[in-house]
1. Tell me, yes or no, whether the stretch 13-24 has at least one residue that is modelled with pLDDT of 95 or more and in contact with a Phe, Trp or Tyr (Cβ under 9 Å, 6 or more places away or on another chain).
2. Checking the conditions here, which among Arg101, Arg34, Arg75, Arg40 is within 22 Å of Ala174 (Cα to Cα) and basic (Lys, Arg)?
3. Looking only at the stretch 117-137, filter to residues that are aliphatic (A, V, I, L, M) and surrounded by 14 or more Cβ atoms within 10 Å (Cβ to Cβ); which one of those is nearest to Ala66 (Cα to Cα)?
4. Which residue pairs have Cβ atoms under 9 Å apart, sit 6 or more places apart or on different chains, and have a first residue in the stretch 20-35 that is under 14 Å from Ala50 (Cβ atoms) and among the aromatic types (Phe, Trp, Tyr) and a second that is loosely packed, with under 15 Cβ neighbours inside 10 Å and at pLDDT 95 or above?
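The values are calculated or read from the model by the stated rules, or taken from the named source; none is laboratory data. No experiment lies behind these values; they were computed from the predicted model shown. Positions of Cβ are backbone-derived with ideal geometry, glycine not excepted, and every protein chain shown enters the neighbour counts.
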Amino acid sequence: MSEPPARDRLLTAAADLVYAGGVEATGVDAIAARAGVTKRTLYQHFGSKANLVGAALAAADEPLLAGLRYAVERRAQETGDPPILAVFDVLEHLFATEEWRGCAFQNATLEVADRSHPVHEVARRHLAKRRALVQELLGDADPATVYAVQLIVEGAMVTSAANRDPATAQRARAAVAQLL
């Protein structure tokens with residue numbers, strides 16, 4: 001089996017290292033070493049660490065959303081619960097993993113103060129897609145309800161990461177059930 005192209009290895013290395021240690025704390029030397037390339041190769045492909053980190057998040061965008069949608073649909077079928085409530089069962093499982101450090105998109109935007117950094121645009125697009133998924137799962141709910149539920153979803157992600165408490169998901173589920 002052949003090794004993935006350098007660009008793909010860089011995206012994977014950046015995503016893994018930044019998620020584990022943060023945008024600012026992760027240096028290009030570490031990313032290049034993990035990817036098995038030179039810094040020159042990194043800069044040839046991406047031009048800057050900021051562009052690489054933005055591209056790594058962008059590469060994760062659709063797969064993460066597709067995975068969430070699939071897991072929610074499957075869980076809703078298993079339990080018979082409304083899909084919007086099944087979201088929180090899926091999140092509880094995610095929050096319980098040893099690797100969970102919060103949402104990579106939220107983490108990056110909270111860490112990087114420079115609003116012109118590529119992570120901000122990528123994160124805005126991702127969060128808008130997550131809001132669209134919440135809207136889809138809620139059906140014909142009014143915009144205020146969609147916004148409230150998305151706040152609960154996003155807040156659950158931050159709270160679970162901060163407290164290392166998977167039960168946050170079930171408390172958020174109860175809040176959404178009460179709201180609806």
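1. Within the stretch 13-24 (the criterion being modelled with pLDDT of 95 or more and in contact with a Phe, Trp or Tyr (Cβ under 9 Å, 6 or more places away or on another chain)), the answer is yes, since at least one residue qualifies.
2. Arg75
3. Let us first name the residues in the stretch 117-137 that are aliphatic (A, V, I, L, M), namely 119, 122-123, 127-128, 132-134, 137.
After this cut, where a residue has to be surrounded by 14 or more Cβ atoms within 10 Å (Cβ to Cβ) as well, the list is 119, 122-123, 127, 133-134, 137.
Numbers: Val119: 20, Val122: 16, Ala123: 16, Leu127: 14, Leu133: 10, Val134: 13, Leu137: 14 Å.
The qualifying residue nearest to Ala66 (Cα to Cα) is Leu133.
4. Partner pairs satisfying both residue conditions: none exist.
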